[in-house]
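Here's the structure, in structure tokens; my notes come after.
The values are calculated or read from the model by the stated rules, or taken from the named source; none is laboratory data. This is a predicted model, so every value here is computed, not measured. A quick note on method: Cβ atoms are made from the backbone with ideal geometry, for glycine too, and the neighbour counts reach across all protein chains shown. SASA here: full protein model, heavy atoms, side chains in, ligands and nucleic acids out. Shrake-Rupley method; radii C 1.70, N 1.55, O 1.52, S 1.80 Å.
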Amino acid sequence: TRKTGLVNTLLEDDYHVGVYTNCITDTTFLLLNKLHIYNKLHAVVSNQESLKPLQIPNPAPKPSPAGFWLTMALLRSYPLETLIVEDSEAGVKSAIASGAYVMQVKNAASWSERTIYAKIDEIDTRSR
């Protein structure tokens, strides 16, 4: 699909890619495997625990920023080096509270590789 192609493109461009979802662990694992991206991701965190690269309990689900902080720690990334793409109100609140850059989207159809890279370019320009 278009979104899994984006994951592959980001990985090819040497970005570290992680997923933090409010889904339970079993659903997270099932969906990411069905999309054939689970093994490509650097970090995966469900609302219960991290699945990859280490198994650590998630201290608090969204709207707490704890899951995003855990994901960033697993990616060895600081908030100002992180772009979070989020579609839920609770997720946007927790992403903002994490201190990372946030790109709020309506749904999966409302963003593309072009819009993600435009946001990355905007962040890079601000950082200079």
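The fraction of accessible area contributed by carbon and sulfur in the chain is 56 percent, rounded to a whole number (1.4 Å probe; ligands and nucleic acids excluded). Using only alpha-carbon positions in the chain, the gyration tensor eigenvalues give semi-axes of 21, 18, 14 Å once each is multiplied by 5 and square-rooted (largest first). Label zone (ARG126, point 7 Å along Cα-to-C-beta; backbone nitrogen cut-off 17 Å) within the range 52-82: 78-82.
Solvent-accessible surface of the chain, averaged per residue with a 1.4 angstrom probe and all protein chains in place: 59 square angstrom.
Segment LYS106..ASP14, full-extension length gain: 30.4 nm, with 0.36 nm per residue of separation and the alpha-carbon distance subtracted. The alpha-carbon of LYS40 sits under 19 angstrom from the alpha-carbons of these lysines, leaving out residues fewer than 8 places away in its chain: LYS3, LYS52.
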